[in-house]
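These notes are about the structure you will find just below.
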Amino acid sequence: MSYLAIFFNTAYGVDRVAVGGIVAFASLMGSALRPVGGYLSDRIGGVTLVRIVYVAFALCAFAIALAPPLPVCEVVVFLAVGLLGMGNGAVFQVVPQRFPNEIGIVTGIVGAAGGIGGFYLPNLLGILRAATGTFASGDGHVRERLHHLRCHRARRRGTRYGDGPRVERNVPHCGGA
């Protein structure tokens with residue numbers, strides 16, 4: 001959440017006291033919607049909800065990258081952080097289904113990945129902001145890295161996303177086999 005403070009202060013000139021309120025409310029949205037994500041996962045399935053969250057979050061990230069007016073940006077950020085909270089609830093619904101005999105270790109790995117991401121991603125976005133002078137570059141860089149990671153995984157051993165079909169080793173849009 002510290003990156004949000006820098007973002008709103010630098011991109012919109014919001015004073016530090018007001019930024020504190022924005023960041024606190026965003027944190028509340030993420031935490032409060034986590035159980036909603038778990039509830040919805042129980043109704044429609046965790047993998048389905050994660051897919052919906054990914055698409056909705058990507059749209060929010062794109063909207064934020066367009067630098068909308070401050071009130072619009074605040075609402076989109078609150079929605080985006082809420083979506084991340086819902087996605088977190090969905091992930092913890094999926095873990096026992098996918099790993100029934102390794103619930104503890106997988107839950108620990110998921111939690112550790114969240115902690116590492118919470119440290120690494122804001123630093124990366126700050127470095128990109130310093131190098132390019134814009135906050136929008138971070139979105140493209142992160143999407144590119146995630147795409148490369150997914151392609152590498154798919155080419156290396158094939159993969160299955162949710163209950164869908166297995167991806168062939170020669171993955172389209174991933175530079176061939």
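The values are calculated or read from the model by the stated rules, or taken from the named source; none is laboratory data. This one's a predicted model, so the numbers in the text were calculated from it and none came from an experiment. All Cβ positions, even for glycine, are placed from backbone atoms using ideal geometry, and neighbour counts span all protein chains on display.
Annotations
- Criterion (surrounded by fewer than 14 Cβ atoms within 10 Å (Cβ to Cβ) and either among the aliphatic types (A, V, I, L, M) or within 13 Å of the chain's Cα centre (by Cα) (or both)) met by exactly one of 66, 79, 84: 66
- Any hit, segment 106-120, residues being aliphatic (A, V, I, L, M), under 19 Å from residue 34 (Cα atoms) and in contact with a Phe, Trp or Tyr (Cβ under 8 Å, 6 or more places away or on another chain): yes
- Residue that is surrounded by the fewest Cβ atoms within 10 Å (Cβ to Cβ), among those in segment 3-19 that are touching a helix residue (DSSP H, G or I) at 6+ places or on another chain (Cβ under 7 Å) and not β-branched (Val, Ile, Thr): 16
- Cβ-Cβ distances below 6 Å connect the following pairs, each with a first residue in segment 12-27 that is of a type in the set (Ser, Thr, Tyr), a second residue that is loosely packed, with under 14 Cβ neighbours inside 10 Å and not in a helix (DSSP H, G or I), and a separation of six or more residues or different chains: 27/1.
- For segment 117-138, the candidate set comprises residues that are aliphatic (A, V, I, L, M) and under 17 Å from residue 4 (Cα atoms); within that set, the residue that is modelled with the lowest pLDDT is 136.
- Top-ranked residue in segment 111-138 [being among the hydrophobic types (A, V, I, L, M, F, W, C) and in contact with a helix residue (DSSP H, G or I) (Cβ under 6 Å, 6 or more places away or on another chain); ranked as farthest from residue 51 (Cα to Cα)]: 128
- Close pairs (7 angstrom Cβ cut-off, 6 or more residues apart or separate chains): more than 15 Å from residue 94 (Cα to Cα) in segment 49-64, crowded, with 16+ Cβ neighbours inside 10 Å and of a type outside the set (A, V, I, L, M, F, W, C) anywhere: 61/139
Each row is one residue, and each column tells you yes or no for (1) closer than 22 Å to residue 121 by Cβ; (2) modelled with pLDDT of 90 or more.
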{"residue": "5", "(1), (2)": "yes, no"}
{"residue": "8", "(1), (2)": "yes, yes"}
{"residue": "14", "(1), (2)": "yes, yes"}
{"residue": "40", "(1), (2)": "no, yes"}
{"residue": "43", "(1), (2)": "no, yes"}
{"residue": "69", "(1), (2)": "no, yes"}
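- Near pairs, Cβ below 9 angstrom, 6+ apart or cross-chain, from segment 35-47 (within 19 Å of residue 99 (Cα to Cα)) to any residue that is acidic (Asp, Glu) and surrounded by fewer than 17 Cβ atoms within 10 Å (Cβ to Cβ): 45/163; 47/163
- Residue 52 of a type in the set (Val, Ile, Thr) and either within 22 Å of residue 120 (Cα to Cα) or in contact with an Asp or Glu (Cβ under 8 Å, 6 or more places away or on another chain) (or both): no
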